[in-house]
Amino acid sequence: MNANPGPVVVVTGAGSGLGRAITREFLAAGYRVALAGRHLDTLLESADGHPDSLAMTTDVTDPESVHELFDAVQRRWGRVDVLVNNAGTFGPNGSVDEIDPTEWVHTVATNLTGSFLCAAAAIRIMKAQRPRGGRIINNGSISAHSPRPGSAAYTASKHAITGLTKSISLDGRGFGIACGQIDIGNAATEMTAGIAQGARQADGSIRPEPTFDAAHAARAVLAMAALPLDVNVQFMTITATEMPYIGRG
């Protein structure tokens with residue numbers, strides 16, 4: 001066991017972008033952080049040699065890979081206090097009738113099934129550990145409320161994350177398990193770089209949209225995680241102030 005008594009958090013999609021920002025925010029706050037992602041080299045870059053980190057190559061769409069992740073965390077630290085379901089992909093662009101079904105399946109598997117598999121593994125540990133309980137934070141999206149044109153796979157998966165969040169919240173009652181969702185609009189990462197150059201609007205035009213430093217979103221996730229388990233942020237929305245979200249259409 002690690003001597004550091006800090007809480008244990010698992011962050012998926014930790015090798016870049018928002019996942020990297022969240023990882024570093026938690027490490028700076030004294031958490032023990034398990035980083036999960038597809039590429040070990042980028043995970044190690046995110047961890048930056050921190051002694052309270054554990055980098056695990058993980059495919060969140062594969063039940064066995066997810067099992068290996070949480071088994072390693074339990075062997076290293078003995079518990080899971082927080083899961084941040086952050087791994088995701090934008091998926092294919094195009095009208096519903098233009099989307100390749102294979103790309104649809106991959107997007108749903110990554111964004112939705114991956115979050116389900118990780119939540120299920122975390123909850124099994126949270127129910128059994130002492131002290132019992134923990135918190136799950138799902139990375140939703142503004143598209144969980146207001147979709148962009150040509151984003152059916154991503155939008156459907158993110159709407160489904162909202163349903164998963166609500167279900168986990170209900171199922172976690174009685175076990176000290178809280179679940180909330182953060183919906184982020186235009187945090188500046190590699191994934192959203194194109195938005196600052198020009199994003200398709202509902203009227204068909206292409207216009208640049210404002211972004212904001214991903215560190216602000218990471219601090220919001222940390223604030224949700226740091227609450228006592230009898231308090232929950234069910235849904236938080238954080239956006240660039242002038243993003244076309246309120247009144248989008």
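All of the numbers you see were taken from the coordinates with simple rules; none came from a lab. Computed from a prediction, not measured in an experiment: that's the story for all the values here. Note: ideal-geometry Cβ built from the backbone for every residue, glycine included; neighbour counts use all protein chains shown.
Kindly express, to the nearest 10 degrees and within the range 0 to 90, the angle between helix 114-128's C-alpha long axis and the longest C-alpha principal axis of the chain.
Rounded to the nearest ten degrees, it is 20.
Net charge near residue 222, counting Lys/Arg +1 and Asp/Glu -1 over other residues with Cβ under 11 Å of its Cβ?
Working: positive: 24, 219; negative: 25.
With Lys, Arg at +1 and Asp, Glu at -1, the net is +1.
How large is the dipole of the chain about the Cα centre if only Lys and Arg carry +1 and Asp and Glu carry -1, each at its Cβ, rounded to the nearest 20 debye?
Numbers: 20 positive and 23 negative charges, 189 e Å.
Magnitude of the dipole: close to 900 debye.
Pulled fully out, how much extra length does the chain show between residue 29 and residue 106, if you take 0.36 nm times their separation in residues and subtract their Cα-Cα distance?
On the way: separation 77, 0.36 × 77 = 27.72 nm, distance 3.42 nm.
Taking 0.36 nm per residue and subtracting the Cα distance, the gain is 24.3 nm.
Check which residues have an amide H placed less than 5 Å from residue 177's amide H, if you skip close sequence neighbours.
134
For q = 0.12, 0.20 Å⁻¹, what log10 I(q)/I(0) does the range 40-182 give under the Debye formula with an equal point scatterer on each alpha carbon and no solvent?
-0.53, -1.21
Which residues' amide hydrogens lie under 5 Å from the amide hydrogen of residue 54, considering only partners 5 or more residues apart or on another chain, with H built in the peptide plane?
33, 34, 35
Running Debye on the range 1-73 with equal point scatterers at the Cα sites and no solvent, what base-10 log of I(q)/I(0) appears at q = 0.15, 0.17, 0.18, 0.19 Å⁻¹?
Here the Debye-derived log intensity ratios amount to -0.42, -0.54, -0.60, -0.67.
Amide H to amide H under 5 Å from residue 187: which residues, 5+ apart in sequence or cross-chain, H placed 1.01 Å off N in plane?
So residue 187 has HN proximity to 212.
Can you show me the helix-derived [θ] at 222 nm for the chain, built from DSSP H runs with n ≥ 4 at -39,500 (n - 2.57) apiece and divided by the number of residues, rounded to the nearest 500. Don't skip to the end; give the middle numbers.
Working: 8 runs with 96 residues, N = 249.
Only helices count here, giving -12000 deg cm²/dmol.
Between the alpha-carbon centers of the range 126-194 and the range 97-118, tell me the distance in whole angstrom.
Centre-to-centre (Cα) distance: 15 Å.
Put +1 on the Cβ of each Lys and Arg and -1 on the Cβ of each Asp and Glu in the chain; which of 105, 123, 198 then has its Cα farthest toward the positive end of the dipole?
123
Would you give the gap between the C-alpha center of the range 49-94 and the C-alpha center of the range 217-234, rounded to a whole Å?
Measuring centre to centre over Cα atoms gives 19 Å.
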